[in-house]
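First up is the structure itself, then whatever we jot down about it.
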Amino acid sequence: MSNLIACAPCCWGVESADNSYNPSWMDVLSEAKQARFVGTELGPYGYLPREADTLNTALHLKGLEVCAGTIFEPLSDANKQADILEKTEQLCTLLQQIGTERLVVIDCVNDIRSHFAGVSDEAPRLDDARWTQMMETIRKISNIASQYQIRAVVHPHAGGYIEYQDEIERMLADLSHEEVGLCLDTGHLYYAGMDPATSLVRYADRLDYVHFKDVDAAKYYQAVEKRVGFWQACADGVMCPLGEGAVDYGEVSKALQEIGYKGWIAVEQERDPRQAATTLPDLKKSRKFLVDNGFVASYSGKYEN
């Protein structure tokens, strides 16, 4: 199998556009190129330039393309809906201008659920009213995206209110295939106690996009036992280069071949942005793992040198 491989600003610890510890966006694009990726996600809106001409020029110079944008917001909060939809409109305008057709929609990590990441049996679920509010917000995001010919894909994420299998099932029952697809992340599936390969096959009919991530099992179990919270676990190194963690990528490869997945794969490895100096060597390790295990050819893209 051979897929187009991207990375994402979260590999440098960039989770919000205004964190003073973020590395410069120019350094991020330069290191993505050095690691021989052909794409990147946009990251939090406002981190990469919002002007299409500026962004397109920078991408061209680095031989990259943006494979997806992201909405990472408290989707069940009715008071935030108007702001979320305004951001969606602005983001989709930019995505259309740069030729990106995918919007990843994530219920963001929150203070309540973060400490129950990986603990499905104890994690509090939303009540029906707030769940309905979240579905309404996602539906409205999807409607806006579709006006720009952009596909909204929901990403189950540790520390948010769409994380565990029961929540994925409920979301898919409430939102039609026409409204949303799925972005499945191998690391977040593992974190939620789900088998990544089995899940890729189980939800193949809704799968539009894939994230690859790996999880250090010892640090994962320690984080879960101590309830340190998802972001602290990331700062402690719970995410590791591909092939160095607990995710069985042999089985993941078989699953993707079985379902005939040929789309983008984005490699992610969350960390504290103050640890961004370790990103480039880790990305090189992850990409070498993908080459060595047949996920991508050594020469794999129209931009690669």
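Read-outs throughout are calculated quantities, based only on the coordinates presented, and are distinct from any laboratory measurement. The model shown is predicted, which means the values in this text are computed figures rather than measured ones. All Cβ positions, glycine included, derive from the backbone under ideal geometry; neighbour counts span all protein chains shown.
For this structure, a couple of remarks:
- For the stretch 118-225, size of Cβ-based charge dipole, Lys and Arg +1, Asp and Glu -1, in debye: 360
- When shorter helices are ignored and each DSSP H run of at least 4 residues is given -39500 (n - 2.57), the per-residue value for the chain at 222 nm works out to -12500 deg cm²/dmol.
- Between THR278 and ARG50, the C-beta separation translates, for a Förster distance of 41 Å, into a calculated FRET efficiency of about 0.90.
- Matching label, volume of the Cα convex hull per residue in Å³ computed from the structure shown, candidates [x] 161; [y] 117; [z] 131: [y]
- Cross-link reach is defined here as a Cα-Cα straight distance under 13 Å, omitting same-chain residues fewer than 8 places apart; for LYS80 the aspartates and glutamates meeting it are ASP107, GLU136.
- Neighbour net charge for LEU200 - beta-carbon separation under 10 angstrom, K R +1, D E -1: -1
- Whether the stretch 75-140 is rounded, prolate or oblate, judged on the alpha carbon gyration tensor where a/c under 1.5 counts as rounded: prolate
- Residue pairs, from the table LYS213/LYS262; LYS62/LYS285; LYS262/LYS285; LYS140/LYS213; LYS140/LYS219; LYS219/LYS262, whose Cα atoms sit over 26 Å apart: LYS140/LYS213; LYS140/LYS219; LYS219/LYS262
- Total formal charge among the other residues, if their Cβ is under 14 angstrom from that of ILE84, Lys/Arg +1 and Asp/Glu -1: -3
- For the residues ALA58, ALA218, ALA246, a GNM of the chain with alpha-carbon springs under 10 Å puts the largest fluctuation on ALA218.
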